[in-house]
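Participant: Let me begin by handing over the structure; questions about it come next.
The values are calculated or read from the model by the stated rules, or taken from the named source; none is laboratory data. Only a predicted model underlies this, so the values are computations on that prediction, with no experimental measurement involved. All Cβ positions, glycine included, derive from the backbone under ideal geometry; neighbour counts span all protein chains shown. When the accessible area is computed, the model is the full protein with side chains, heavy atoms only, and any ligands, DNA or RNA have been set aside. Shrake-Rupley method; radii C 1.70, N 1.55, O 1.52, S 1.80 Å.
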Amino acid sequence: MITLRDLAMDDVPAIQRIYSGASVRFTHDRPYTAEEARERVAKALELAEEVPRRRWDFGIVLAEDDDLLGVMSLRIREPGVGTLSYILREDAWNSGYATEAAERVVEFAFTTAGLKRLEAKHHPRNLASGRVLTKAGFECIGTSELHTTDGVIVPYPVYAFRGPSTTQSAGEARCEP
């Protein structure tokens, strides 16, 4: 069982551990330094003070011992629309933690943050991330072409989760199996 909580400066070593190894294969391609981990937490704390708030960085922790397993971020991209992103340290994969955290953040997004739509995407080779989103109730709606640092264009699957009062638009693109 997990809980979600705000990040704290005491989390810097755990953040550095999360942003390392196989966990960064589809994100930064290299582990965070201690300074980058400190900057990541400091930025999360700074953004938590903004009014109106446009970003939440939730620490995903084991309820029994407050062990920080990952981070799930909710960003308001435009009025009523947010994006979800997450990263878990490698030893926390395949335990359902990301799905459980995503379900809780979805509920938060539609109740507390007042969003009407959430979106997320993942690297096309990170199939486990797509399964997390699908299990959490997201629907794959198409792809978005992203440019890598070396100029390669990569088609990232894009997912959407709509609030209870909205429906799927007719003719919207779908992801291919």
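Table: residues versus (1) of a type in the set (Gly, Ala, Ser); (2) touching a strand residue (DSSP E or B) at 6+ places or on another chain (Cβ under 8 Å); (3) modelled with pLDDT of 95 or more.
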site	(1), (2), (3)
Leu68	no, yes, yes
Arg104	no, yes, yes
His123	no, yes, no
Gly130	yes, yes, yes
Ala136	yes, yes, yes
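Participant: Would you point out the residue of the stretch 29-38, among those that are at pLDDT 95 or above and loosely packed, with under 13 Cβ neighbours inside 10 Å, that is farthest from Gly96 (Cα to Cα)?
Facilitator: For the stretch 29-38, the residue satisfying everything is Glu35.
Participant: Go through the stretch 39-134 and tell me which strands (runs of 3 or more DSSP E), entirely inside it, have 1 or more residues that are among the β-branched types (Val, Ile, Thr) and either open to solvent by 80 Å² or more (accessible area, probe 1.4 Å) or out of contact with any Cys (no Cβ under 7 Å at 6 or more places or on another chain) (or both). Walk me through it before giving the result.
Facilitator: Working: elements: 55-62, 67-78, 81-88, 117-121.
Result: 55-62, 67-78, 81-88.
Participant: Can you find even one residue in the stretch 1-17 that is polar (S, T, N, Q), open to solvent by 50 Å² or more (accessible area, probe 1.4 Å) and modelled with pLDDT of 95 or more?
Facilitator: In the first step, residues of the stretch 1-17 are kept if they are polar (S, T, N, Q); the result is 3, 16.
If we keep only those that are open to solvent by 50 Å² or more (accessible area, probe 1.4 Å) too, we end up with 3, 16.
Within this subset, residues satisfying the condition of being modelled with pLDDT of 95 or more are 3, 16.
Yes, that holds for at least one residue.
Participant: Could you check the stretch 1-38 and list, in sequence order, the residues that are touching a residue at least 60 places away in the same chain (Cβ under 8 Å), among the polar types (S, T, N, Q) and in a helix (DSSP H, G or I)?
Facilitator: Scanning the stretch 1-38 gives a single hit, Ser23.
Participant: Taking Leu146 as the residue in question, decide whether it is touching a strand residue (DSSP E or B) at 6+ places or on another chain (Cβ under 9 Å), over 14 Å from Ser73 (Cβ atoms) and either open to solvent by less than 40 Å² (accessible area, probe 1.4 Å) or free of Cβ contacts under 8 Å to residues at least 60 places away in the same chain (or both). Give the steps one after another, and end with the answer.
Facilitator: Working: touching a strand residue (DSSP E or B) at 6+ places or on another chain (Cβ under 9 Å): yes; over 14 Å from Ser73 (Cβ atoms): yes; either open to solvent by less than 40 Å² (accessible area, probe 1.4 Å) or free of Cβ contacts under 8 Å to residues at least 60 places away in the same chain (or both): yes.
The answer is yes for Leu146.
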